[in-house]
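> One structure, pasted below without further comment.
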Amino acid sequence: SQLTMTRIVLTPVFLWVFFYDNDLDYSNNNLVFKILALLMILGFMLTDYLDGHLARKMGEVSTLGKYLDPFSDKISNMTVFLCFIATGYAHVWMVALIYFREASVETLRTLAASENIIMPARMSGKIKTALQGIGIVIILTGALNPLQTIPAFRQVWEYLPTTVMGIITIVTLASGVDYFIASKNILKKFV
């Protein structure tokens, strides 16, 4: 849980690093801050892996951890996606659909909890989380200044961020559908 909390606490720090110059144009940010933003995301991904792995290995899986882990993933990833909207790397509708899925699945979890049922993470949710992390890393790596000096890469870069975010959006929505199908018994109790 402490590793999970670090993601929540450091998310506002990521926001500051991403916009340290108070400029929405991420392309002109200092390379040091771009690298720091990328390292923070890699750190978020590492702690996401380690918190669950260590909890299972040490036999310290807790109800708090089962809720806190997906919550911290959503807080950190949604913050990054909002940064991507501001910089033009993602369209508003993409992030809105991702948010809709995340909020809907959290509502399912809350309904399940009211029936004393803990909804475990589904494989589709794990794939979605991994893909979101990989996509964020691809975009932040592509935004590094040295890559932007390569003419061929600049042409690819025009489409890369929104294409990656489009794939993330589709996989995220598919994961949401999977959760709803798997939760039909819970939903029947409330509908």
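The values are calculated or read from the model by the stated rules, or taken from the named source; none is laboratory data. The model shown is predicted, which means the values in this text are computed figures rather than measured ones. Heads up, the Cβs are rebuilt from the backbone with ideal geometry, glycines too, and the neighbour counts pull from every protein chain shown. Only protein heavy atoms, including side chains, enter the accessible area calculation; ligands, DNA and RNA are left aside. Shrake-Rupley method; radii C 1.70, N 1.55, O 1.52, S 1.80 Å.
> Return the carbon/sulfur percentage of the accessible area of segment 131-184, one whole number, probe 1.4 Å, all protein chains in place.
Values: 1980 of 2620 Å².
For segment 131-184, the apolar C and S fraction of the accessible surface comes to 76 percent.
> Another question, if that's okay. Please calculate how many Å² of accessible area segment 90-191 carries per residue, with a 1.4 Å probe and no DNA, RNA or ligand atoms counted. Walk me through the numbers before you get to the answer.
On the way: 5570 Å² over 102 residues.
The answer is 55 Å² per residue.
> Can you compute the charge dipole magnitude of segment 79-168 about its Cα centre, using +1 on each Lys and Arg Cβ and -1 on each Asp and Glu Cβ, nothing else charged? Give it in debye, rounded to the nearest 20. All intermediate terms of the calculation are to be shown ahead of the outcome.
Numbers: 6 positive and 4 negative charges, 32 e Å.
Dipole about the Cα centre, nearest 20: 160 debye.
> Follow-up. What list of ³J(HN,Hα) values in whole Hz, one per residue of segment 131-144 in order, does the Karplus curve 6.51 cos²θ - 1.76 cosθ + 1.60 (θ = phi - 60°) give from phi, with Gly and Pro shown as x?
Going residue by residue, I get 5, 4, x, 4, x, 4, 5, 4, 5, 5, 5, x, 7, 5 Hz, with x marking Gly and Pro.
> For segment 96-191, compute Rg over Rh where Rg is the Cα radius of gyration and Rh is the Kirkwood radius from the inverse mean 1/r over Cα pairs. Before the final figure, lay out each step's value.
Numbers: Rg = 17.6 Å, Rh = 15.2 Å.
With Rh from the inverse mean 1/r over Cα pairs, Rg/Rh is 1.16.
> Carbon and sulfur atoms: what percent of the 1.4 Å accessible area of segment 1-125 do they account for? Mind showing how you got there, number by number?
Working: 4670 of 6770 Å².
Within segment 1-125, the accessible surface is 69 percent carbon and sulfur.
> Please grab the % of Cα pairs in the chain that end up more than 32 Å from each other. Write down the numbers at each step before the final one.
Values: 3403 of 18145 pairs.
Cα-Cα pairs of the chain separated by over 32 Å account for 19 percent.
> Taking the Cβ of residue 184 as the centre, find all other residues whose Cβ is under 14 Å away and add up their charges (Lys, Arg: +1; Asp, Glu: -1). Display every interim value, and only then the final one.
Values: positive: 122, 188, 189; negative: 115, 178.
Net charge in that neighbourhood comes out at +1.
> With a cut-off of at most 16 other beta carbons within 10 Å, and DSSP calling the residue loop, which trypsin sites (Lys or Arg not before Pro) in segment 88-130 qualify? Please list them. Walk me through the intermediate numbers first.
On the way: sites: 101, 109, 122, 126, 128; in loops: 122.
Here the sparse-neighbourhood loop sites are 122.
> Taking the highest mean first, how do the peptides 149-160, 87-98 order by number of other beta carbon atoms within 10 angstrom per residue? Don't skip to the answer; put the middle values down first.
Details: 149-160: 11.0, 87-98: 17.3.
Ranking, from highest mean packing down: 87-98, 149-160.
> Multiply the residue separation of residue 49 and residue 92 by 0.36 nm, subtract the distance between their alpha-carbon atoms, and state the gained length in nm to one decimal.
Working: separation 43, 0.36 × 43 = 15.48 nm, distance 2.87 nm.
Answer, rounded to one decimal: 12.6 nm.
> A further question follows. In the neighborhood of residue 174, defined by Cβ-to-Cβ distances under 15 Å, what is the net charge if each Lys or Arg adds +1 and each Asp or Glu adds -1? Walk me through the numbers on the way to the answer.
Working: positive: 101, 122, 126, 128; negative: 102, 178.
The answer is +2.
> Can you find, among 6, 30, 121, the residue sitting farthest towards the positive end of the charge dipole of the chain, where Lys and Arg contribute +1 and Asp and Glu -1 at Cβ?
So the residue furthest toward the plus end is 121.
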